[in-house]
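Shown next, in structure tokens, is the structure this report addresses.
All of the numbers you see were taken from the coordinates with simple rules; none came from a lab. Please read these numbers as outputs of a predicted model, since none were measured by experiment. Methodologically, a virtual Cβ is constructed for each residue, glycine included, from the backbone with ideal geometry; neighbour enumeration extends over all protein chains shown.
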Amino acid sequence: MSGCKVIINEITGETLSKTTDYKLIAAHKRIPNVKVAYVAVYYVWTLIASNLSINIESISIFSEPALRYLCFIINLKTKIMKPNNNYLVSFCISSTKVLTLLLFVALVFSSCKKDEDAITPLTEGKAPDFTLNSLDGSSVKLSDLSNKVVVLFFFGNSCPSCKSAAPSVESILNIPLKSRNDYMIIGIDQWNGNSASVQSFKTSTGVAFPLLLNGASVSAEYKTTYDRLVVIDKNGNIVFSGTQGAAADLATVKQKVEMLLGAPIILPPTDTTTSVKGDAPDFSLTSISDSVFKLSANKNKVVVLFFFGNSCPSCKSAAPSVESMLNTPYKSRNDYIIVGIDQWNGNSASVQSFKTSTGVAFLLLLNGASVSAEYKTTYDRLVVIDKSGNIAFSGKQGAASDIATVKQKVDMLLAN
């Protein structure tokens with residue numbers, strides 16, 4: 001597991017004991033048509049009797065038969081869990097004391113180094129043909145799209161990074177090319193969700209390109225995974241297959257498509273003026289400290305809204321930079337405020353956990369899904385409101401990508 005490191009930094013908060021014998025052993029099977037797959041512990045949550053310390057002695061990977069034999073020989077207790085239909089994971093625990101151990105496992109393609117232990121994608125040759133049903137009930141067959149440049153966006157219907165990337169995929173790889181008859185972009189749900197889950201993805205991200213259902217088998221044929229972009233030329237050959245998140249590959253894919261089409265992609269002009277998006281909808285929300293924040297009570301202030309999801313990885317990643325660039329430098333000003341709004345409607349404990357893990361000091365508000373809907377935005381987004389209560393900026397990509405732009409906007413508004 002050289003590229004897939006499992007880090008357990010805290011289990012009980014107590015001193016770890018070397019005298020108590022615990023073993024954690026994971027086994028995995030290969031997924032059909034996939035060369036390499038690793039299973040790792042994603043969360044380890046323990047409920048332990050008082051004064052009991054724990055020592056995770058080893059983590060090893062064995063074949064399933066070998067693991068079962070080992071468990072039998074040393075008389076260990078075995079617990080079987082199936083995180084999805086492709087994996088069977090066994091955990092063996094031995095202890096001299098009573099222990100209740102709950103183990104959650106997850107496929108960790110997204111957190112492991114792809115160059116070490118991930119799938120090697122198809123990067124050349126004929127693109128495998130496929131036929132899938134789309135969300136609107138129509139059937140899409142790749143070979144029917146000959147003489148077109150085709151971009152495939154493999155996504156997971158509830159994957160946070162996919163949802164974060166999707167609006168940028170729409171604005172860069174769909175909207176500017178809608179009028180062309182020699183180009184098409186298609187989304188393929190690699191998580192095999194039902195129509196409702198894929199419709200939810202479409203609604204929350206605002207994408208307008210076709211979304212196809214039950215694409216896991218296609219993903220396997222292309223030797224790729226979710227949150228990836230693939231480009232197919234007019235002859236039906238693969239010319240690009242991403243090995244990182246779609247957001248990171250957008251610029252490369254844009255250049256590749258421009259080259260194949262022989263024309264630049266002209267993006268819509270960026271809004272550089274203030275107060276052009278109308279009045280900001282008023283709202284009143286309770287913070288995790290039980291205070292009430294009302295937007296209209298902050299007139300004559302520049303207000304930044306950071307819409308986040310309380311357990312959204314990209315939001316957690318962006319939050320420290322939001323704090324250092326959009327809160328700390330302006331703390332002494334009385335004409336500026338930044339607030340975070342939990343778009344996932346988590347409880348106080350989940351939002352407090354977000355605050356603790358990210359170290360942000362600005363106000364965090366609860367139950368913000370309805371506000372997000374009024375602002376026609378989603379989580380991991382930044383919105384700027386000027387001193388007159390007008391929306392001056394509303395981000396269409398992840399907060400981390402918009403921080404520099406928002407800071408410039410804020411500085412300009414505060415200088416007026």
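What the phi angles of region 148-156 give under the Karplus curve with 6.51, -1.76 and 1.60, with θ = phi - 60°, is a coupling list of 10, 7, 10, 10, 9, 10, 7, 9, x Hz, glycine and proline written as x.
Quick one: order SER357, SER350 by neighbouring beta-carbon count within 10 Å, fewest to most. Please report the intermediate quantities before stating the final value.
Working: SER357 12, SER350 16.
Going from sparsest to densest Cβ surroundings: SER357, SER350.
What does the net charge come to around PHE283 if you take all other residues with beta carbon closer than 10 Å to its beta carbon, with K and R at +1 and D and E at -1? Charge balance in the 10 Å sphere: -1.
For region 284-415, the orientation-averaged shadow of the C-alpha convex hull comes to 6.9 nm² (one quarter of the hull surface).
Need one word for region 209-249: rounded, prolate or oblate. Basis is the Cα gyration tensor (sqrt eigenvalues a ≥ b ≥ c); a/c below 1.5 gives rounded, then a/b vs b/c decides.
In terms of gyration-tensor shape, rounded.
Projecting the alpha carbon convex hull of region 190-262 along each direction and taking the average yields 5.4 nm².
Scalar couplings 3J(HN,Hα) for region 135-147, obtained by applying the Karplus form with A = 6.51, B = -1.76, C = 1.60 to θ = phi - 60°, are 4, 8, x, 7, 10, 10, 10, 4, 5, 6, 9, 4, 6 Hz; x denotes Gly and Pro. Dimensions of region 207-317 based on its C-alpha atoms, expressed as ranges along the principal axes with the largest first, amount to 59, 33, 24 Å. Here LEU382, LEU142 are placed in order of increasing Cβ neighbour count within 10 Å, fewest first, which gives LEU142, LEU382.
Sort PHE307, PHE293 so that the residue with the fewest other Cβ atoms within 10 Å of its own Cβ comes first and the one with the most comes last. Walk me through the intermediate numbers first.
Working: PHE307 27, PHE293 18.
Fewest-to-most ranking of PHE307, PHE293: PHE293, PHE307.
Per residue, the convex hull spanned by the Cα atoms of region 120-261 amounts to 93 cubic angstrom. For ALA280, the residues whose modelled amide H falls within less than 5 Å of its own, excluding neighbours fewer than 5 places apart on the same chain, are ASN390, ILE391.
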